[in-house]
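K.L.:
Once you've had a glance at the structure underneath, I'll fire off some questions.
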Amino acid sequence: MKGMSGIIRTFQTTTLRHQVELSGKYWNFSSPVGDIKSMFVPSCWENSPGLERYRGTCVHETTFKMGGNLRFVFKGVSFWAKVYVDNTLIGEHYNAYTPFECIVKNVLDETHTLRVEVSNAFSDESALHVGNDYRSWGGITRGVMLEQLRDAYIRYVHVTPFQKNGLWHAALAAQVENLSGKPMDAEVSISLAGESIRLGAVTLAAGEQKEIKGEIVCPDAQTYQLDAPKLYEVRAVLESGGTVLDDLIDRMGFREVTVSDGKILFNGKPLRIKGFNRHETHGLFGCAIPVDVMAQDIAILKDLNANAVRTCHYPNDELFLDLCDEQGLLVWEEGHARGFTLERMQNPHFRTQSLDCIREMIGAHQNHPSIFIWGCLNECASDTDYGRECYKEQLDELKRLDPSRPTTTASCHPGHEIYGEETPAPTPAAGMHDGDICLDLPDVVSFNIYPGWYVNLPADLHMKRLTRWVNQNGGTGKPFIISEIGAGAIYGFHSRTHDKWSEERQDELIGEALTAVFANGAIQGVFLWQFCDGRVDEEWAMTRPKTQNNKGVVDEFRRPKLSYETVRRLFGEIESFSS
Ligand code: ADA
């Protein structure tokens, strides 16, 4: 079928390529444990009997009939992948949360075997997937697409909207690749919001890739607003010698995000963020959440009067971003890293693997108008000298790849003094400081705090002391967000005395937290921890009843806890923009 829309994206991405979705069906499956012989793609193997706790390698296999230049797009394989066509290795990838492609040229038009060896095994080679407070699942967990390309193709078209002289413009960049064995003159034209331009012509040597840049004015473009999320298709067409070789369609929205005078401005208006942290996790599906369930999650978030979601702690399935674009739900998307100590950051693979993740994230997701901020390095060693080097490197990379959005990073290292004068200063180890030393690096300062849960301080006092400390330690003049706040509750556990883990205790602490956030004029908003309960890795089970992080406002099946109505009411009282 030419240009299909299925479960890969919510819209058609080409009119010329022959596309076949390889997901949405059962593949042959083999593993050293259990008796499962076929596995739905996408899914997590942990949902199958015998594989619930399996860490190791499994093999997924299917067949396809297509020839020529073939492009396989994997939206997510968790978390090592080796891809073979007819027993020849065509690509490898690390990281569950970023897409990758494999191209094979001049394939015979007959039936072939596609085999993917997938491993979710932890090892020293894996710096980002480690036993953590969320599960690193196993399997082909997102969609797979096969495309037939001609002699050249468009790898991406990046569109960055901006206002000039009261008109919407867009900066454009398209990368083209010559798949043929001969040099080629290639020409790219772009159409967007009723306008078209010829981006330029390049000569490509055999196998060469080049980026072509340009700019377009779109006088009729309507602004993308949260309550009127107008989306536009951008279509890039590649021609050579008068023959059309390829087209690629993506979607964008005309809006600007800036930071000024301690505020985050969305189309010039100061945002108030009413957000949730959401892990890709579900009691029935693991991280392979079907698109209709994603849409239900967004409907629940909207019902809660939230206006933002944070993709803690990794890039999300692009389908979720498509839905956020359509619904006008703001997204903080972040690179993959949670809670790494200095020692973990010193893993020799850490820097490369995290930078790869950032590059793949921005490369694939840059056009989504709902993404208003990029994040990285949640709760890592921002209180150390070596940590600072890594923070600088990653925040610089986010900015280099996309200067049009602000950056942030969620810290958990305030100076000890915020806990009160009676709290003694820790004796700093070599290279370690009393508190975060990276607040000067991002555009927006963010802190994760747990008043009344991990820290014995009332929420309002906690925030007052923290904002003062942030101002004195590099954050002056920057917008400030509470990127996590919350408390645990086991669904269905009630206590008249509000005991720990009861829905009543969670409700009380969340109520106090939100009231304190919105009463504090120095804070631009909040991402509650967290949307739904979710499974954690074995290593975390000691402090996680039911092997789950139970701080969801809904449980793993999206059943609301007591705090649901409190959040709904308190978020409902706050406008998305301050005047
Ligand atoms: C941290 C961390 C989250 C989660 C949370 C908790 O702030 O960023 O991933 O682990 O704590 O539930 O304790």
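K.L.:
When you go through L108, L114 one by one, which is the residue that is among the aliphatic types (A, V, I, L, M), over 17 Å from R359 (Cβ atoms) and in contact (Cβ under 8 Å) with a residue 60 or more places away in the chain?
P.N.:
Only one candidate qualifies: L114.
K.L.:
Restricting region 399-427 to residues that are under 15 Å from C438 (Cα atoms) and more than 16 Å from the ligand (Cβ to nearest atom), which is surrounded by the fewest Cβ atoms within 10 Å (Cβ to Cβ)?
P.N.:
Filtering region 399-427 down to residues under 15 Å from C438 (Cα atoms) leaves 407-415.
Still in the running and more than 16 Å from the ligand (Cβ to nearest atom): 407, 415.
On the way: T407: 22, G415: 19.
Ranking the candidates gives G415 first.
K.L.:
Those residues that are of a type in the set (F, W, Y) and either open to solvent by less than 10 Å² (accessible area, probe 1.4 Å) or more than 21 Å from W453 (Cα to Cα) (or both), I need them from region 536-560; list them, please. Break it down stepwise before answering.
P.N.:
Quick first cut of region 536-560, residues of a type in the set (F, W, Y) only: 540, 557.
Hit for region 536-560 is F557, nothing else.
K.L.:
Of everything in region 109-131 that's aliphatic (A, V, I, L, M) and more than 12 Å from V85 (Cα to Cα), which residue is surrounded by the fewest Cβ atoms within 10 Å (Cβ to Cβ)?
P.N.:
A121
K.L.:
Could you tell me whether any residue of region 13-27 is over 27 Å from L248 (Cβ atoms) and either among the acidic types (D, E) or out of contact with any His (no Cβ under 6 Å at 6 or more places or on another chain) (or both)?
P.N.:
So far as region 13-27 goes, yes, one or more of its residues are over 27 Å from L248 (Cβ atoms) and either among the acidic types (D, E) or out of contact with any His (no Cβ under 6 Å at 6 or more places or on another chain) (or both).
K.L.:
Which of the numbered conditions does G207 fail, given that it passes all the others? Conditions: (1) of a type in the set (G, A, S); (2) assigned to a loop (DSSP other than H, G, I, E, B); (3) within 29 Å of I273 (Cα to Cα).
P.N.:
Against the list (1) of a type in the set (G, A, S); (2) assigned to a loop (DSSP other than H, G, I, E, B); (3) within 29 Å of I273 (Cα to Cα), G207 comes up short only on (3).
K.L.:
Okay, moving on. With the condition kept exactly as written, say whether any residue in region 449-466 is of a type in the set (K, R), over 21 Å from C380 (Cα atoms) and outside any loop (DSSP other than H, G, I, E, B).
P.N.:
yes
K.L.:
Just the residues that are over 28 Å from the mean Cα position of the chain (by Cα), within 19 Å of H462 (Cβ to Cβ) and within 14 Å of the ligand (Cβ to nearest atom), please, taken from region 481-512.
P.N.:
K500 - this is the single residue of region 481-512 that is over 28 Å from the mean Cα position of the chain (by Cα), within 19 Å of H462 (Cβ to Cβ) and within 14 Å of the ligand (Cβ to nearest atom).
K.L.:
For the list (1) in contact (Cβ under 8 Å) with a residue 60 or more places away in the chain; (2) away from the ligand (no atom under 16 Å from the Cβ); (3) more than 21 Å from V536 (Cβ to Cβ), I need the number of the one condition that D317 fails.
P.N.:
Every listed condition holds for D317 apart from (3).
K.L.:
Can I ask one more? V470 versus (1) in contact (Cβ under 8 Å) with a residue 60 or more places away in the chain; (2) closer than 24 Å to F266 by Cβ; (3) away from the ligand (no atom under 16 Å from the Cβ): which is the lone unmet condition?
P.N.:
(1)
K.L.:
Oh, and also: Condition test on H158, is it open to solvent by 20 Å² or more (accessible area, probe 1.4 Å) and either on the phi < 0 side of the Ramachandran plot or modelled with pLDDT of 95 or more (or both)? If you could, list the steps in order and put the result at the bottom.
P.N.:
On the way: open to solvent by 20 Å² or more (accessible area, probe 1.4 Å): yes; either on the phi < 0 side of the Ramachandran plot or modelled with pLDDT of 95 or more (or both): yes.
So H158 passes the test.
K.L.:
So for region 129-146 (the condition being among the small types (G, A, S), over 23 Å from L70 (Cα atoms) and within 16 Å of the ligand (Cβ to nearest atom)), does at least one residue qualify?
P.N.:
Checked against the condition, which is being among the small types (G, A, S), over 23 Å from L70 (Cα atoms) and within 16 Å of the ligand (Cβ to nearest atom), region 129-146 yields at least one hit.
K.L.:
If you go through region 513-535, how many residues are within 16 Å of the ligand (Cβ to nearest atom), part of a strand (DSSP E or B) and open to solvent by less than 20 Å² (accessible area, probe 1.4 Å)?
P.N.:
5
K.L.:
Six or more apart or on different chains, Cβ under 8 Å: which pairs go from a residue in region 440-455 that's among the hydroxyl-bearing types (S, T, Y) to one that's near the ligand (Cβ under 8 Å from one of its atoms) and not in a strand (DSSP E or B)? Could you list them?
P.N.:
Here the result reads Y450/G486; Y450/W529, each pair linking region 440-455 to a residue that is near the ligand (Cβ under 8 Å from one of its atoms) and not in a strand (DSSP E or B).
K.L.:
Within region 195-205, is there a residue that is in contact (Cβ under 8 Å) with a residue 40 or more places away in the chain and open to solvent by 10 Å² or more (accessible area, probe 1.4 Å)?
P.N.:
no
K.L.:
Now for a different question. Residues in region 48-96 that are under 24 Å from D35 (Cα atoms), open to solvent by 20 Å² or more (accessible area, probe 1.4 Å) and in a strand (DSSP E or B): how many?
P.N.:
Number of matching residues: 7.
K.L.:
Here's another thing I want to ask about it. Is it the case that some residue within region 229-252 is surrounded by 21 or more Cβ atoms within 10 Å (Cβ to Cβ), under 16 Å from A152 (Cα atoms) and of a type in the set (G, A, S)?
P.N.:
Yes, region 229-252 contains a residue that is surrounded by 21 or more Cβ atoms within 10 Å (Cβ to Cβ), under 16 Å from A152 (Cα atoms) and of a type in the set (G, A, S).
K.L.:
Could you count how many residues in region 332-389 are buried (at least 23 other Cβ atoms within 10 Å of the Cβ), of a type in the set (S, T, N, Q) and more than 14 Å from D436 (Cα to Cα)?
P.N.:
The qualifying residues number 2.
Table: residues versus (1) in contact with a strand residue (DSSP E or B) (Cβ under 8 Å, 6 or more places away or on another chain); (2) within 13 Å of the ligand (Cβ to nearest atom); (3) on the phi > 0 side of the Ramachandran plot.
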{"residue": "E538", "(1), (2), (3)": "no, no, no"}
{"residue": "T547", "(1), (2), (3)": "yes, no, yes"}
{"residue": "E556", "(1), (2), (3)": "yes, no, no"}
{"residue": "R559", "(1), (2), (3)": "no, no, no"}
{"residue": "V567", "(1), (2), (3)": "yes, no, no"}
{"residue": "L570", "(1), (2), (3)": "no, no, no"}
{"residue": "I574", "(1), (2), (3)": "yes, no, no"}
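K.L.:
Let me ask something else. Restricting attention to region 444-459, does a residue exist that is under 19 Å from the mean Cα position of the chain (by Cα), β-branched (V, I, T) and either away from the ligand (no atom under 16 Å from the Cβ) or farther than 30 Å from G511 by Cβ (or both)?
P.N.:
yes
K.L.:
When you scan region 266-299, how many residues do you find that are under 22 Å from L570 (Cβ atoms), away from the ligand (no atom under 16 Å from the Cβ) and assigned to a loop (DSSP other than H, G, I, E, B)?
P.N.:
1
The values are calculated or read from the model by the stated rules, or taken from the named source; none is laboratory data. A quick note: this is a predicted structure, and the numbers were derived from the prediction, not measured. Neighbour counts run over all protein chains shown; Cβ positions are idealised from the backbone, glycine included. Note: accessible area is taken over every heavy atom of the protein model, side chains too, but ligands, DNA and RNA are not part of it. Shrake-Rupley method; radii C 1.70, N 1.55, O 1.52, S 1.80 Å.
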